[in-house]
Structure formats: C-alpha cells, structure tokens
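K.L.:
This is the structure I want to talk about, given as structure tokens.
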Amino acid sequence: MDLLKILKKIMLSIPLCDRCLGRQFSSLIPSYNNETKGRILKDFIFMIEKMEIERGRRKSLKVFKALAESGHLLSINFLKKNNPKLNMASKPCYICSGEINNIIEKAVNKIVEASSEVEFNTFYIGLTLPVYLEEKDEEVKSFFKLWFGEALKNELNREIKTRIKKALEKKPKMRRPDVLFIYDAINDKVSVQINSIFLRSSYRKLVGGIAQTKWRGMDSDSVTPSIEKMLEETLLPVFGGKKIKFHGAGREDVDVKMLGSGRPFIVEIIEPKVRNVDLSNLHLEFNKRFGNMVEVSPFSRASYLDVPRLKMEAERKKKTYRVVFETGRKVSEDELKNLSDRLAMCLIRQRTPLRVLKRRGDRVRKKMVYSALFKHIGDNRYEAIITCSGGLYVKELLHGDEGRTVPSVAGLLDTKVKIVEMEVMGIEGG
C-alpha cells in the first residue's frame, strides 16, 4: 500500500476535514483521536510536497491548494507567502460539510440536560444520524478502497460518550446500563431509556383471599387484593417508577395461605427515576401497611438474570402443603396409612386442570409426591401434610379433577373429596 499516493489521490479528489480524513485511517494510528490523525496525515503530505518543491523536483502547487481548501493551516500560510495572488477558497468537507463537531456539541448538551431528570450510575449512548452522512462516509471508503477506517457512527458515539463521562462523572457501560441516552441528530432531541431495577424478597401470605398478581384486563383490586398491588403502592413512590412487574417462584391459589419462611420473589421496577435507595427499611414500611395480611422479608438487589433462575428453581424445589379436606364417607386409620404408603415417592400424572385450562396448554405433567401423611381430625374431615415437587397442582391431587390427575386421593379412596382449607407450609431453601 502506497499511503502517500492514496492520501494525495483523496485530497486532490475531494475536500475532507481533519476528522473525516483521520477516520478513514483510524486503525493505522490507534494512539490518537481521528481529528488529530487527520491533521497528522495532512502535515505528512505537506512535508513531502514541501521537500519536493525545495529540491526543485516539483513546481505545481495543486496539492498545497487542495490541502488549503480543506482547512490545513500550514498549507494556507505557505500559499499566502509563496503565491499571494493564488485564488483560494475554503471548501466544505465532502462527507460532513462541517457538521460533525456541531452534532457532538449538541448531543452532549442535550444529554447533560436530560440526565438531570433521572438518577443513574452507569450509562451508554445511542445515536441516530442523517442517512446521507453515513452514506457519504461509506462511499468514500468504497471508492478509494479504504479498509482500515471505522464507521462514522462508531466515532461519534465514542466521542459523545467520552465527553458525557467527563461532564457527569458517570461510568459508561455497554451491557445493561442504568440509562441509555439516544440522541436524534435529525430532530435534535434526546430520548431516555431507563433500565429496570430488580429487588429480591420473600412473602408470607397470612390470610386467604389475596392474589399474587393483579388480574389483567379488569379492575379487580377492590374485589381481590393482590401482593403485586401492595408492592406497587409501597415501591413506586420511593423509586419514581412507571410500574412494577412481579416475578414469583411459583404461585399459590388466591384462597391458599403461604406460611413458613415464605415464597421467594423478584419485583421489577420499570423506568425508575430514582436508583440510589436505602433498602434497609423498605420491608418495614410494607409490613406496617399490609402486615396483617402479607409480610415481606428485607429487600436486596437482584439482576435481570436472576428472574429465569428463580423460575427454574421454583420447578426444582420441594414444597410442603397442609390441606384440610372432607370425604364422602368415613375413612379408616388403615386406609389412611395405606394412602400414605401408596403416595410416598409416587409419580403423579396430571393433565392441565380444568380450572386453568382456558389460560394453560392442555398437556400431561409428571410430578413427584415425596411424602404424604394423613390424620383424622373429626367427622369426615382429615388433614394431609404433603411434600411434593414444584408445579404439582395439589388441589387436583386431592380431588382428582374428574380423572385428569392419576393417582389421586379421591381415586385411591374411591370417594369424593372437597378441599376445606389449604396452606403452603414451606418451600425447600426458602
């Protein structure tokens, strides 16, 4: 590659500002920014041409004129001294027409202004440029066969990011920053994308009649309160968020209590304008307001990566339930003992329950019952303590769901079963 030949060909063909010239050769001089690279390359051409003139090998000033027209100060001064009558006029850069530095300044000012409305520790920059700027940059690379430069958008993103880092004393982070600022150079405006905050906790539901999440598509909060709504009322004012999303490690039915050490969950706060919150007393505020119905453990920071892990762990962890149920006939102690033996370490095949069939796919799930203890507590009423795998529909294990769960307590006893009361006593590792 004859670098000097390529440089002269470019400068004699089109005027380029220092930044746009340097960008075409960015990988060849990695220690400098593109504006400095462009100035160095123009100085290099100038020195070679000046040597040729002084040695009497060349009389033409056309390269100096091309450099001067692109704004090269040494060439301008040289021509004024050696040929003051030469008609010179500055020409706009073929690629950017002098717009790039203006775009950078505007972007930095707009982003700094927008940053005052949101609290963050890490950020990143996005950029929308006029199409013609990127097309011209690629056209120059293609025409002169320049394969060692970088894209215009990459350079501007880097320059803006560097200046924002210095101005705000914040840390740039490419993957999942707290905030992404996207500057639209076409309309001179900034949009702000705020990434969610994730908090981990566990809840204990002390009474029945409370849903885990709000019922979508209907205003049911006055009829059926939800843990999600309680969290929303507690957390949104603190974090200035738009809304929350509840991620639970499984769920229990509305009428079922959740006791023991509680059910783990992650709450996602969407578009929070406040991030640096002291979490130490947040659970106390929640429990003060809703503790007669639901209690939560202290909150801790979590990541978006923890959400799928929470879901997977929920399927693997054992759950222990206490169920009070009634039967259509009296069941003897021997039958109860035989029932315990038959269900211990038993593989259960469950078709999707009829009560959730409208919102769940109809398929057979295989789940385990690890232990099942039964005792008579009065008349035809019995208590069961069942430890099973996550995802087992325990109500259906008891009443059989019209034969869709096999085996079931109702099927093994050959009698109807009615659930009276049910609670989750504990979750493995909870």
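K.L.:
Based on this model, can you work out whether residue 366 counts as surrounded by fewer than 11 Cβ atoms within 10 Å (Cβ to Cβ), without any contact (Cβ under 8 Å) to a residue 24 or more places away in the chain and not aromatic (Phe, Trp, Tyr)? Quick ask: steps written out before the conclusion?
P.N.:
Numbers: surrounded by fewer than 11 Cβ atoms within 10 Å (Cβ to Cβ): no; without any contact (Cβ under 8 Å) to a residue 24 or more places away in the chain: yes; not aromatic (Phe, Trp, Tyr): yes.
For residue 366, the condition - surrounded by fewer than 11 Cβ atoms within 10 Å (Cβ to Cβ), without any contact (Cβ under 8 Å) to a residue 24 or more places away in the chain and not aromatic (Phe, Trp, Tyr) - is not met.
K.L.:
Shifting gears a bit: Regarding the stretch 38-47, can at least one residue be identified that is in contact with a helix residue (DSSP H, G or I) (Cβ under 8 Å, 6 or more places away or on another chain), part of a loop (DSSP other than H, G, I, E, B) and either at pLDDT below 90 or outside the structural domain of residue 161 (by TED's automatic domain parsing) (or both)?
P.N.:
No: zero hits.
K.L.:
Those residues that are under 38 Å from the mean Cα position of the chain (by Cα) and more than 14 Å from residue 141 (Cβ to Cβ), I need them from the stretch 29-54; list them, please.
P.N.:
Matches in the stretch 29-54: 29, 30, 31, 32, 33, 35, 36, 37.
K.L.:
In this structure, does residue 301 turn out to be touching a residue at least 40 places away in the same chain (Cβ under 8 Å), part of a strand (DSSP E or B), under 24 Å from the mean Cα position of the chain (by Cα) and not assigned by TED's automatic domain parsing to the domain that holds residue 413?
P.N.:
When the stated conditions are applied, residue 301 passes them.
K.L.:
So which of 251, 329 is assigned by TED's automatic domain parsing to the domain that holds residue 368 and assigned to a loop (DSSP other than H, G, I, E, B)?
P.N.:
Working: 251 fails: assigned by TED's automatic domain parsing to the domain that holds residue 368.
Sole residue among the options that is assigned by TED's automatic domain parsing to the domain that holds residue 368 and assigned to a loop (DSSP other than H, G, I, E, B): 329.
K.L.:
Given the conditions (1) crowded, with 20+ Cβ neighbours inside 10 Å; (2) aliphatic (A, V, I, L, M); (3) outside the structural domain of residue 123 (by TED's automatic domain parsing), and given that residue 270 satisfies all but one, which numbered condition is not satisfied?
P.N.:
So the condition that residue 270 fails would be (1).
K.L.:
Please enumerate the residues belonging to the stretch 50-74 that are of a type in the set (Ser, Thr, Tyr) and more than 14 Å from residue 12 (Cα to Cα).
P.N.:
Within the stretch 50-74, none qualify.
K.L.:
Mind checking which residues of the stretch 273-294 are in contact with a helix residue (DSSP H, G or I) (Cβ under 8 Å, 6 or more places away or on another chain), surrounded by 17 or more Cβ atoms within 10 Å (Cβ to Cβ) and either in contact (Cβ under 8 Å) with a residue 40 or more places away in the chain or over 23 Å from residue 118 (Cβ atoms) (or both)?
P.N.:
The answer is 275, 282, 286, 290, 294.
K.L.:
Take residue 291 and tell me if it is under 24 Å from residue 260 (Cβ atoms), in the same structural domain as residue 249 (by TED's automatic domain parsing) and not basic (Lys, Arg). Give the steps one after another, and end with the answer.
P.N.:
Values: under 24 Å from residue 260 (Cβ atoms): yes; in the same structural domain as residue 249 (by TED's automatic domain parsing): yes; not basic (Lys, Arg): yes.
Yes; evaluated as a whole, the condition is true for this residue.
The values are calculated or read from the model by the stated rules, or taken from the named source; none is laboratory data. These figures come from a predicted structure and were not determined experimentally. Backbone-built Cβ (ideal geometry, glycine too); neighbour counts: all protein chains shown.
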